[in-house]
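Heads up, the thing below is written out as structure tokens.
The values are calculated or read from the model by the stated rules, or taken from the named source; none is laboratory data. Every value quoted in this text rests on a predicted model; they were computed, and no experiment measured them. In this analysis, Cβ positions are derived from the backbone assuming ideal geometry, glycine residues included, and neighbour counts consider all displayed protein chains. Accessible surface areas use protein heavy atoms only, side chains included; no ligands, DNA or RNA. Shrake-Rupley method; radii C 1.70, N 1.55, O 1.52, S 1.80 Å.
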Amino acid sequence: MRLIRLAVVSVTALPLVTVAASSGPSPARPVIALSSVLPAVAEAAPDPGVTFRLTRRTVIVASGPAAAVAGRLASALRPATGFPLPVRAEGDEAAIALILEPGHPPEGYRLDIGADRVELRATGPAGLFAGTQTLRQLLPPEIEAATPQRGRWSLPGGRIVDRPRYAYRGAMLDLARHFHEPAEVRRYIDQLSRFKVNHLHLHLSDDQGWRIRIDSWPRLTEVGGAPGTGVGGEGGGFLTKDDYRQLVRYAADRFITIVPEIDMPGHVNAAQVAYPSLTCDGKAPRPRTDMRVGYSSLCVSADITYRFAEDVIRELAEMTPGPYLHIGGDEAMSTPHGSYLTFQKRVLPMVRAHGKIPYGWHEIAQSPAAGDAVIQFWGRERSSPSVTTAVAAGARVVLSPANRSYLDMKYDMLTPGGLDWAGYIEVRTAYSWDPGRLLSGVPEEAVLGVEAPLWSETLRDSDDIEFLAFPRLVAIAELGWSPRSAHDWPFFRARLGAYGPRWVRAGVRFHRSPQIRWS
């Protein structure tokens with residue numbers, strides 16, 4: 001079997017092979033092409049003469065840590081197929097086998113599809129989970145239905161060998177400007193996991209609201225999460241610690257790491273409304289429900305500022321098993337430059353002291369204390385001297401260029417909702433850049449990954465989230481997962497168009513971009 005790197009796969013069309021209809025009641029369905037996956041796989045070797053049929057007799061074989069991934073796969077396939085798909089520790093029957101073995105890269109996997117057996121191999125459960133997402137896309141779109149569907153379920157024969165380009169492939173959801181209930185966050189997590197996104201960054205505080213319970217400062221949520229907070233006064237609510245821990249577990253079950261953010265020293269109006277002692281004059285500012293930025297700042301010279309920062313970081317770190325803790329740092333226009341550097345010099349070490357890797361927007365790169373931090377670049381320029389300096393000192397970079405990856409930007413001037421300060425972002429714009437070559441002075445090896453932020457000034461519910469996120473988030477996911485050689489707009493456009501019926505069946509509200517020929 002010869003592996004084909006996707007750079008040489010024809011992109012003019014995605015071939016469909018029709019399985020001959022039987023004399024029984026189940027109609028034939030087209031077999032999906034082996035390379036028609038989002039994000040694009042690294043290597044694919046189709047075997048056109050082979051298909052694997054999923055039937056009522058099919059079992060899923062897995063043991064040890066692989067069993068949980070197998071159980072999730074079975075749960076995903078049962079509703080539409082109506083098949084029992086039992087998970088067993090061993091079996092020689094027609095089976096889908098999930099196998100843990102050494103030798104695969106982190107999150108990488110190998111998927112072999114034969115006529116009688118499917119074998120998915122990886123070194124860790126995360127790789128198996130990534131492989132199951134590929135397997136699900138190789139079944140017909142009807143697999144997304146919540147009720148049994150008539151028809152035959154076939155997988156295309158061949159081999160896929162796949163691995164991620166970058167370790168960090170993220171999305172961000174803003175809970176501060178508008179609070180999204182845990183059920184909405186879980187729904188988004190489910191959708192992210194389908195495209196091998198492995199980090200969800202939650203923006204938990206801003207001028208308009210504070211959305212995470214901090215026991216040592218209870219008024220943060222009593223006031224900052226009260227009804228009437230948020231942009232337009234329509235986003236009240238907050239996460240209790242139990243809510244947050246449950247989201248962390250839910251995401252972890254889908255191999256997504258939660259990255260919490262508390263924005264400091266700017267974007268703190270909600271905290272100062274709750275605790276006027278955090279201002280320099282001790283007077284509470286008025287609550288804000290508008291979309292302006294840059295007007296608030298912690299009092300850098302006051303000891304209480306650092307007691308506050310220490311308590312918040314400590315409590316957040318205690319309930320966050322992931323390695324990163326994001327401290328914001330952007331748009332601190334009301335914090336004098338010297339005070340900003342003083343603040344970062346004191347606060348970045350607090351994150352390390354509580355066992356987390358400091359993470360912040362690219363403004364923190366101005367501080368010499370950011371040399372071992374993760375820098376999230378959100379600018380529109382192609383160079384940043386401060387980021388280059390931080391990278392030379394050892395920092396890693398997550399790329400979120402606002403004019404490419406900000407999902408809250410409108411698609412065009414007629415888009416309902418969204419903003420346009422970074423320009424309109426249609427699907428091709430979101431796809432047509434290379435993270436490894438975006439910033440001069442930042443080499444490929446310094447890029448930790450990519451992230452697609454979604455700010456919530458104009459969002460109100462899951463429909464709004466989905467409309468602005470999809471399909472652009474898939475473009476960012478492919479830039480983060482797939483090898484550079486696989487990045488090809490016609491190829492991506494064809495695969496994305498073929499994916500549309502899956503969103504329809506799953507009830508996802510997505511933007512039907514005119515750039516895509518939707519199936």
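The table below gives the values:
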quantity: Residue match in segment 317-325 (condition: under 25 Å from Tyr250 (Cα atoms), acidic (Asp, Glu), assigned to a helix (DSSP H, G or I) and in contact (Cβ under 8 Å) with a residue 40 or more places away in the chain); calculated: no
quantity: Helices (runs of 4 or more DSSP H) within segment 438-519 that include 2 or more residues at positive phi and touching a Cys at 6+ places or on another chain (Cβ under 7 Å); calculated: none
quantity: Positions within segment 379-406 being part of a loop (DSSP other than H, G, I, E, B) and of a type in the set (A, V, I, L, M, F, W, C), in sequence order; calculated: Ala393, Ala395
quantity: Residue within segment 39-51 that is at pLDDT below 95 and of a type outside the set (Asp, Glu) present; calculated: yes
quantity: Strands (runs of 3 or more DSSP E) (entirely within segment 77-139) containing at least 1 residues that are among the acidic types (Asp, Glu); calculated: 109-113, 117-122
quantity: Residue match in segment 274-284 (condition: within 30 Å of Leu419 (Cα to Cα), open to solvent by less than 10 Å² (accessible area, probe 1.4 Å) and either touching a Lys or Arg at 6+ places or on another chain (Cβ under 7 Å) or in contact (Cβ under 8 Å) with a residue 60 or more places away in the chain (or both)); calculated: yes
quantity: Long-range neighbours under 6 Å by Cβ, at least six apart or interchain, first residue under 11 Å from Val450 (Cα atoms) and touching a residue at least 60 places away in the same chain (Cβ under 8 Å) within segment 389-409, second open to solvent by 10 Å² or more (accessible area, probe 1.4 Å) and part of a strand (DSSP E or B); calculated: Val398/Leu448
quantity: Entirely in segment 152-260, the helices (runs of 4 or more DSSP H) that have 1 or more residues that are open to solvent by 10 Å² or more (accessible area, probe 1.4 Å) and closer than 30 Å to Gly82 by Cα; calculated: 182-193, 241-253
quantity: Failed condition for Glu107, given (1) at negative phi; (2) touching a residue at least 24 places away in the same chain (Cβ under 8 Å); calculated: (1)
quantity: Tally of residues being among the acidic types (Asp, Glu), closer than 26 Å to Ala252 by Cα and in contact (Cβ under 8 Å) with a residue 24 or more places away in the chain across segment 112-151; calculated: 1
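Conditions (1) farther than 12 Å from Ile313 by Cα; (2) not in a loop (DSSP other than H, G, I, E, B), marked per residue:
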| residue | (1), (2) |
| --- | --- |
| Ala332 | yes, no |
| Tyr340 | yes, yes |
| Phe343 | yes, yes |
| Arg346 | yes, yes |
| Gly355 | no, no |
| Gly360 | yes, yes |
| Ala369 | yes, yes |
| Asp372 | yes, no |
